[in-house]
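This report concerns only the one structure given below.
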Amino acid sequence: MDTHIVEHLAKLINDGKMKCEMIHVESEHSAMSACVGACATGVRTFTATSSQGLALMNEILFVASGMRLPIVMAVANRALSAPINIWADHSDTMSERDSGWIQIYVESAQEAYDSIFQMYRICEDKKVLLPGMVCLDGFTLSHVHEPVEELQNVSDFLPDYNPLFKLDPKKPMTFGPIGYPSMYMETKKQQNEAMMGSLELIKETNSLFKKKFGRGYGDGVIDTYKTKDADNILICLGTVAGTAREVVDELRESGGKVGLLRLRCFRPFPKEEIINACKNAKKIKVIDRAVSFGIAGPVFIEVRYALFKQEINVQGFIAGLGGRDITKDHIKKAFKEEKGRWLL
């Protein structure tokens with residue numbers, strides 16, 4: 001699913017259009033290990049994966065974030081086995097939501113492309129220094145052709161990477177040493193503060209990108225549509241937002257006061273932005289393309305947490321697992337239902 005991405009990069013390198021080195025490895029565990037080593041030496045680092053490949057990286061994802069390495073990775077979202085399924089849902093990245101990586105979910109190929117550049121600027125900021133995932137729906141985005149406008153003069157937006165620390169034989173230092181109980185908690189607290197602090201930087205980066213290149217995505221962390229006077233708002237991630245906008249327009253024509261909030265940034269979680277966007281709503285409906293077994297959808301859980309002090313009825317719906325289409329009827333049903341359910 002991610003193969004198309006690295007194959008295209010390999011072609012650019014082979015044709016002399018991209019000055020970089022591609023490291024060939026035997027597994028995704030090794031791929032992320034190579035990224036950790038490369039990034040630690042002070043070079044800008046990228047990889048791509050999906051589904052079981054991301055799961056195989058699990059151990060090293062925590063190493064990358066704990067070592068504060070600004071690696072950027074594209075993840076073509078796919079279901080996790082078993083049963084064997086190669087189609088789109090968000091189970092893979094949602095299972096890594098606590099790995100310390102910034103997570104941005106995109107709606108289009110153009111947004112995926114643009115978000116890679118934005119993510120480097122965010123992750124490499126000295127106040128952040130965390131890795132980031134750009135999450136794009138498998139097949140829906142990874143296996144379609146859409147026109148994409150390439151960026152020009154990127155160096156003005158994304159200057160050369162100049163790390164604070166790097167592995168250098170001339171100036172030896174240790175990366176990732178043992179963390180004794182006397183200091184481990186402090187390092188995790190610093191990680192969390194960097195993650196929380198990146199929220200404003202994500203918004204600033206989106207604003208700067210829009211000013212320079214003419215394209216922006218909401219405020220960078222959420223993207224709202226007809227929510228100001230809406231009393232019934234749907235919250236979702238990724239490509240389903242396009243279908244949801246059509247449903248919002250149709251229901252508006254028949255008098256429904258409905259709106260859409262596309263959650264672009266899931267980590268860090270934009271709690272206050274969601275509260276402000278939904279302050280006039282009476283009902284919130286959340287569609288998840290993943291399930292946290294034994295309780296509910298992960299996005300619903302966090303939206304419910306964000307709004308627990310608000311007098312708003314929040315309901316969660318599970319849909320689109322394993323690549324099943326989320327249709328207009330599913331979305332209309334979610335708007336009308338008073339209880340959360342699986343939209344089968």
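Summary of computed values
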read-out	value
Subset of region 1-48 [over 17 Å from Glu59 (Cβ atoms) and among the β-branched types (Val, Ile, Thr)]	Thr3, Ile5, Val6, Ile13, Ile23, Thr41, Val43, Thr45
Residues located in region 5-33, provided they are among the charged types (D, E, K, R) and surrounded by fewer than 12 Cβ atoms within 10 Å (Cβ to Cβ)	Glu7, Lys11, Asp15, Lys17, Lys19, Glu21, Glu26
Pair list, Cβ < 6 Å and 6+ apart or interchain, from region 280-301 residues that are within 16 Å of Asp98 (Cβ to Cβ) to residues that are aliphatic (A, V, I, L, M) and surrounded by 22 or more Cβ atoms within 10 Å (Cβ to Cβ)	Ala290/Met94; Pro298/Met94; Pro298/Ala290; Val299/Val286
Unique match (being closer than 22 Å to Gly179 by Cβ, assigned by TED's automatic domain parsing to the domain that holds Met196 and among the small types (Gly, Ala, Ser)) among Ala64, Ala88, Ala82, Ala76	Ala64
Cβ-Cβ under 6 Å pairs, at least 6 apart or on other chains, region 200-219 side farther than 20 Å from Ala109 by Cβ, far side outside any helix (DSSP H, G or I) and among the charged types (D, E, K, R)	Leu201/Asp125; Lys203/Asp219
Test set (1) assigned to a helix (DSSP H, G or I); (2) touching a residue at least 12 places away in the same chain (Cβ under 8 Å); (3) of a type in the set (Gly, Ala, Ser) - Ser155 fails condition number	(2)
Helices (runs of 4 or more DSSP H) wholly inside region 1-111 that include at least 3 residues being in contact with a helix residue (DSSP H, G or I) (Cβ under 8 Å, 6 or more places away or on another chain)	28-40, 51-66, 91-94
All positions within region 220-257 that are touching a residue at least 60 places away in the same chain (Cβ under 8 Å) and more than 18 Å from the chain's Cα centre (by Cα)	Asn232, Leu234, Thr243, Ala244, Glu246, Val247, Glu250, Leu251, Gly256
Residues of region 20-56 satisfying the condition of being more than 21 Å from Leu167 (Cβ to Cβ) and without any contact (Cβ under 8 Å) to a residue 12 or more places away in the chain	His24, Glu26
Meets criteria (surrounded by fewer than 10 Cβ atoms within 10 Å (Cβ to Cβ), assigned to a loop (DSSP other than H, G, I, E, B) and more than 18 Å from the chain's Cα centre (by Cα)) for Asp160	yes
Of all residues in region 174-224 being among the β-branched types (Val, Ile, Thr), part of a loop (DSSP other than H, G, I, E, B) and out of contact with any Lys or Arg (no Cβ under 7 Å at 6 or more places or on another chain), the one that is farthest from Lys126 (Cα to Cα)	Ile178
Region 125-146 residues that are without any contact (Cβ under 8 Å) to a residue 60 or more places away in the chain and under 18 Å from Ala64 (Cα atoms), paired with ones that are of a type outside the set (Ser, Thr, Tyr) and surrounded by fewer than 20 Cβ atoms within 10 Å (Cβ to Cβ) (beta carbon under 7 Å, 6 or more apart)	Lys126/Leu164
Condition met for Ile84 (surrounded by fewer than 22 Cβ atoms within 10 Å (Cβ to Cβ) and within 22 Å of Asp288 (Cα to Cα))	yes
Some residue of region 177-197 being free of Cβ contacts under 8 Å to residues at least 60 places away in the same chain, closer than 30 Å to Lys279 by Cα and not assigned by TED's automatic domain parsing to the domain that holds Asp288	yes
Selection status of Glu272, surrounded by fewer than 19 Cβ atoms within 10 Å (Cβ to Cβ) and more than 24 Å from the chain's Cα centre (by Cα)	no
Failed condition for Asp325, given (1) among the acidic types (Asp, Glu); (2) free of Cβ contacts under 8 Å to residues at least 24 places away in the same chain; (3) over 18 Å from Val240 (Cβ atoms)	(3)
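The values are calculated or read from the model by the stated rules, or taken from the named source; none is laboratory data. Not measured: the values here are computed from a predicted model. Glycine gets a Cβ as well: all are built from the backbone with ideal geometry, and neighbour counts include every protein chain shown.
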